[in-house]
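Reviewing the structure listed below.
The values are calculated or read from the model by the stated rules, or taken from the named source; none is laboratory data. Predicted model only: the values in this text are computed from it and were never measured. No Cβ is skipped: glycine too gets one built from the backbone with ideal geometry, and neighbour counts run over all protein chains shown. These area figures cover heavy atoms from the full protein model, side chains too; ligands, DNA and RNA do not enter into them. Shrake-Rupley method; radii C 1.70, N 1.55, O 1.52, S 1.80 Å.
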Amino acid sequence: MPGFEVLGEEEKQEILGVLERGVLFRYEFHNERKGVYKVREFEQAFSHYVGAKYALAVSSGTAALKVGLAALGIGPGDEVLTQGFTFVATWEAILDLGAIPVFVEVDDTLCMDPQDLLKKIGPNTKAVVPVHMCGAQARIDTIVEIARANGLKVLEDTAQACGGSLKGKFLGTFGDFGEFSFDSVKTITTGEGGMLVTDDKGLYTKASQYHDHGHVHDPTLPRGLEGRNFVGFNYRMMEIQGALGLAQLRKLGFIISRQKENKLMIKEELSKISSITFRNILDEGGDIGSFLIFFLPSQEEAKWFKKSMDENKIPNVYWYENLWHYYKRWEHLLEGKSVITSGYPFKDSGGKTRISYDENALPQTEHLLSRAITIPININMEKQLPGILDGIRKIKSQWTA
Ligand SMILES: *Cc1c(COP(=O)(O)O)cnc(C)c1O
């Protein structure tokens with residue numbers, strides 16, 4: 001999973017280069033920077049890597065989600081469909097624009113269920129944000145088809161699947177926008193950072209302007225004399241992050257291949273246990289190998305299995321009880337808690353409730369997550385692997401007994 005495992009000399013040299021030139025800002029300082037624009041270089045390398053025409057680096061994955069939705073024109077009253085198994089950032093970005101997140105079930109891919117997506121489309125639905133959760137593909141071609149047929153925009157949350165693909169096409173390049181995160185636990189990291197990719201020049205231009213106070217980015221004008229087309233904000237990435245991103249991106253192929261090797265070894269051992277089934281991966285070749293997820297037949301068996309894994313010191317995540325990734329655990333959302341005194345966006349200025357959620361709204365997601373156990377896969381697992389495989393063998397002997 002984490003690019004921090006391979007931070008090394010390459011990152012150090014890139015950062016030193018930035019400090020030697022003494023330019024931290026991605027724009028301006030044309031003489032001092034001697035023609036070197038690290039954030040721009042990172043954008044170009046990234047768009048080339050995923051095969052998108054345009055890329056915009058921003059300050060975080062959450063910012064990328066918000067900037068993308070803003071460029072798509074999403075705002076108050078609009079409904080945006082996303083899924084009940086994701087990181088809170090996905091729906092925070094929607095709420096932050098005043099739009100309303102509507103939650104769709106996941107299926108055995110643990111990503112958005114297209115059947116349920118169809119059911120949740122309503123008169124106010126404007127966009128869909130499917131999430132390629134835990135390193136593998138959503139049914140993105142079907143989701144995009146449904147969205148197009150219903151006049152909806154698609155922003156792919158690819159924060160957890162950088163470098164992943166479906167049938168040879170990179171995740172993040174199927175919809176109108178793809179969003180990526182480079183936070184400190186993601187597959188490649190710049191500490192904090194994010195990226196938006198698109199093939200649409202108009203969308204790119206809007207996103208680029210919105211993320212930088214509305215600046216029109218006219219190369220013939222000094223920055224201070226640039227005009228604005230609309231009100232923006234500051235979600236800029238800085239040069240040190242761009243430099244880090246370049247060094248990390250060069251390691252992405254290595255990271256993915258190591259993760260896949262490690263994942264396969266653990267999966268082979270787990271496959272020997274009867275009644276375990278694995279998460280449906282639509283295209284094994286395009287999985288980045290960052291998580292291994294399997295199902296037990298019942299919630300009771302999953303709990304027993306998790307306990308046995310803890311006892312055998314096998315790293316694991318039980319998303320069903322996790323406070324940050326599952327709809328039922330988002331009590332601040334379910335209870336409509338806002339920092340804003342009026343209660344917005346959950347209440348309108350008159351104190352009337354405008355958004356509310358039912359914690360039992362996603363029974364299919366519950367049925368899947370309550371039986372799912374996850375092993376996070378690292379890049380460097382040589383020391384850990386024998387213990388993990390041994391632990392699985394021990395659990396197997398108790399399981400069949
Ligand atoms: C990490 C993550 C984000 C947000 O990225 P940050 O860079 O941490 O803001 C968004 N969506 C998902 C699914 C994530 O895992």
**OP:** Indicate, rounded to the nearest 5 percent, the antiparallel portion of the DSSP beta bridges found entirely in segment 55-213.
**Re:** 45
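Before anything else, pin down the relative contact order of the chain: Cα pairs under 8 Å, at least 6 apart, normalised by residue count, whole percent. Walk me through the numbers before you get to the answer.
On the way: 827 pairs, mean separation 79.0, N = 401.
With pairs under 8 Å counted, the relative contact order is 20 percent.
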Subject >> Backbone N within segment 80-102 under 16 Å of label point (7 Å from Ser349 Cα along the Cβ vector) >> reply: 98
**OP:** Would you please put 72-78, 226-232 in order of how densely packed they are, using the mean number of other Cβ atoms within 10 angstrom per residue and starting with the highest?
**Re:** 72-78, 226-232
Original post:
Name the residues of segment 170-198 whose amide N is less than 19 Å from a point 7 angstrom out from the Cα of Tyr27 along the C-beta direction?
Top reply: 194-196
**OP:** Indicate the gyration tensor shape class of the chain (rounded, prolate or oblate), computed on the Cα atoms with a ≥ b ≥ c the square roots of the eigenvalues: a/c under 1.5 is rounded; otherwise a/b larger than b/c is prolate and the rest oblate.
**Re:** oblate
Original post:
What shape does segment 201-344 have by the C-alpha gyration tensor, where a ≥ b ≥ c are the square roots of the eigenvalues, rounded means a/c under 1.5, and otherwise prolate means a/b greater than b/c and oblate the rest?
Top reply: oblate
Original post:
Which aspartates and glutamates does Lys272 reach when only Cα atoms under 19 Å apart count, and residues fewer than 8 places away in its own chain are ignored?
Top reply: Glu261, Glu301, Asp390
**OP:** Averaging sequence separations of C-alpha pairs under 8 Å and six or more residues apart, then dividing by the length of segment 253-399, give the relative contact order as a whole percent.
**Re:** 35
Original post:
Residues with beta-carbon under 11 Å from that of Tyr327, excluding Tyr327: net charge, scoring Lys, Arg +1 and Asp, Glu -1?
Top reply: -3
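May I ask you to order 268-276, 213-221 by the average number of other C-beta atoms within 10 Å around their residues, highest value first? Present the calculation step by step, with values, prior to reporting the outcome.
Numbers: 268-276: 14.0, 213-221: 12.2.
With the highest mean Cβ count within 10 Å placed first, the list reads 268-276, 213-221.
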**OP:** Search the structure for amide H atoms under 5 Å from the amide H of Gly84, placed 1.01 Å from N in the peptide plane, and list their residues when 5 or more places away or on another chain.
**Re:** Val104, Val106
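Using mean Cβ contacts within 10 Å as the protection proxy, how do 24-30, 94-100, 59-65 order, highest first? Show your work: numbers first, answer last.
On the way: 24-30: 14.4, 94-100: 19.6, 59-65: 25.6.
So the peptides 24-30, 94-100, 59-65, ranked by packing, come out 59-65, 94-100, 24-30.
Would you calculate, for the chain, the mean residue ellipticity at 222 nm contributed by helices, counting each DSSP H stretch of 4 or more residues as -39,500 (n - 2.57) and dividing by all residues, to the nearest 500? It would help to have the intermediate numbers written out before the result.
Numbers: 13 runs with 142 residues, N = 401.
Roughly -10500 deg cm²/dmol at 222 nm, from the helical runs in the chain.
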Original post:
Using the Karplus equation 6.51 cos²θ - 1.76 cosθ + 1.60 (θ = phi - 60°), what ³J(HN,Hα) coupling, rounded to whole Hz, does each residue of segment 293-300 give in order, writing x for Gly and Pro?
Top reply: 10, 9, 10, 9, x, 9, 5, 4
Original post:
Quick one: Karplus J couplings for segment 41-57, per residue in order, coefficients 6.51, -1.76, 1.60, θ = phi - 60°, nearest Hz, x for Gly and Pro?
Top reply: 4, 4, 4, 5, 5, 5, 5, 5, 4, 8, x, 10, 6, 10, 9, 10, 7
Original post:
Given the pairs Lys12/Lys66; Lys12/Lys383; Lys263/Lys313; Lys267/Lys328; Lys12/Lys260, which are separated by over 22 angstrom at their Cα positions?
Top reply: Lys12/Lys66; Lys12/Lys383; Lys267/Lys328; Lys12/Lys260
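Starting from segment 112-185, pick out the GluC sites (Glu not before Pro) whose DSSP state is loop and whose Cβ has at most 13 other Cβ atoms within 10 Å.
Working: sites: Glu145, Glu156, Glu179; in loops: none.
Here no loop site has a sparse enough neighbourhood.
Would you list Asp107, Asp183 from the most to the least accessible area, probe 1.4 Å? Numbers along the way, then the final one.
Details: Asp107 15, Asp183 35 Å².
Ranked list, largest accessible area first: Asp183, Asp107.
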Subject >> Label zone at Ser397 (point 7 Å along Cα-to-Cβ), backbone N below 17 Å, segment 273-300 >> reply: 273-274
**OP:** In whole angstrom, note down how far apart the Cα centers of segment 181-225 and segment 333-381 are.
**Re:** 28
Original post:
How many nm is it between the label spots at Leu389 and Glu9, if each spot is 7 Å from the Cα in line with the beta carbon?
Top reply: 3.1
**OP:** Please go through the residue pairs Lys34/Lys206; Lys307/Lys337; Lys186/Lys251 and name each one whose alpha carbons sit more than 23 Å apart in this structure.
**Re:** Lys34/Lys206; Lys307/Lys337
Original post:
Cys162: net charge of surrounding residues, Cβ under 13 Å, Lys/Arg +1, Asp/Glu -1, itself excluded?
Top reply: -3
